[in-house]
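The values are calculated or read from the model by the stated rules, or taken from the named source; none is laboratory data. These figures come from a predicted structure and were not determined experimentally. Every residue, glycine among them, receives a Cβ derived from its backbone with ideal geometry; neighbour counts consider all protein chains shown. Ligands, DNA and RNA are excluded from the accessible area calculation, which covers all protein heavy atoms including side chains. Shrake-Rupley method; radii C 1.70, N 1.55, O 1.52, S 1.80 Å.
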Amino acid sequence: MFSNGDSTTDSPASAVAARTEAILEGRQAAADPIASLKELADSLPSLDEVQAVAEDDTSELTDTERQQKDKTESVIRTAVAAGNTAIWIIAQGLERAAKGKWWRRSHPTYAAYVNDLTGRSASYIRRLRSGAPLALETAAQTGRVPNPGQIEETRKAQRQHGTEAAILLFQVVSEVTEELGDKTTAETLEAVRKELPSALPEVPEQARATIERVTRRTLGHGGGDDEPAMFEEDSNDGVRIRTPDGEASASGPQESSTAGNEGDDIEDAEIVPEHMVALKDALKTLNTVNRAITKDVFTQAAADPDDAEEYERVRQVIIKRATAIRNKALHAPKG
């Protein structure tokens, strides 16, 4: 079994998963679930104690605000984990109902029974039933509860690489996307899964390293010697832009070329649809930003101890914005 490298025994998701297994095995529940949820809600900071601020206020959070924020986010994450786990509880419960045909005296069909009990279609529940074992095992091992879309992707990895590798894929992608200030989606998992080698190393540490390297490369955040340069001066390749007046500019070194023979040229805005104009205008802006943000700019900014905190904040925001844009393009329909 691959080790995830940290203890998740006391995590909210692990606790919910453990309670799930206890219920399914007929053991006594530790507490009434409704009471537990009420207790969770009561642990939120009092709304009356939360300081209202102006819409345009961008000041630093006070110590009290940070404490309230951290507590509230912890409650939210716990509630989300409980809600996600509840989906898999429903699926496993209905698997038992299907096997015992418990609906046979009360409903004409299993589909009617499922819809009456859950408000969901039988086909949807059937997909959940098939993914529930992996979902709950993932929650137990990682402390993160995957949603149905994420499980569909990790099940594909499970069929190719095995259960432990599938769980590891979910964990590593989740960790890397959080590091980049983004969220793990089914699309993100799919993109990384498709880039994995046909076989992963048998040694858990090596398997993890491989998945992490592929994840970072897929998400555009490094990951190997074959990675493209992150800064313009590291590469001789540039995206050439044809401006509306016909003059060409480039994000890399200037090159002479013949009109109509530049595959990366951007046509005049007047001859393309409005949505393409928006994308090409955005590309021009991105190239301008790329030329402005060089390694030297980061180095000099980081060297000023008086601005260390602000520098790190800005650096993280840049990473988050750049990753968000890349993920939009990565998951956009292909032409």
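Quote the FRET efficiency, to the nearest 0.05, computed for residue 123 versus residue 39 with a Förster distance R0 of 35 Å and r equal to the Cβ-Cβ distance.
Once the sixth-power term is evaluated, E becomes 0.45.
Might you tell me the accessible area per residue for region 34-92, computed with a 1.4 Å probe and given in Å²?
Per-residue accessible area for region 34-92 comes out at 73 Å².
Just grab the label-to-label distance for residue 286 and residue 310, each label 7 Å out from Cα along the Cβ direction, in nm (one decimal).
Modelled inter-label distance: 2.9 nm.
Using alpha carbons only, how many angstrom separate the centre of region 318-335 from the centre of region 106-178?
26 Å
So if each residue of separation counts as 0.36 nm, and I subtract the Cα-Cα distance between residue 301 and residue 194, what length gain in nm does that give?
34.7 nm
For a Förster distance of 25 Å, can you work out the FRET efficiency between the beta-carbons of residue 55 and residue 317, rounded to the nearest 0.05?
Calculated transfer efficiency: 0.80.
Out of the total accessible area of region 76-132 (probe 1.4 Å, heavy atoms of protein only), what percent is carbon and sulfur?
Here carbon and sulfur together make up 54 percent of the probe-accessible area.
For region 45-53, in order, what is each residue's ³J(HN,Hα) by Karplus, 6.51 cos²θ - 1.76 cosθ + 1.60 with θ = phi - 60°, in whole Hz (x at glycine and Pro)?
In residue order, the calculated couplings are x, 4, 4, 5, 8, 7, 6, 6, 10 Hz.
Which lysines have a Cα lying under 26 Å from the Cα of residue 156, excluding residues fewer than 8 positions away in the same chain?
99, 183, 194, 328, 334
Return the loop-located trypsin sites (Lys or Arg not before Pro) in region 270-335 (DSSP other than H, G, I, E, B) with at most 10 other Cβ atoms within 10 Å of their own Cβ; answer none if there are none.
Counting only loop positions with at most 10 other Cβ atoms within 10 Å, the trypsin sites (Lys or Arg not before Pro) in region 270-335 are 334.
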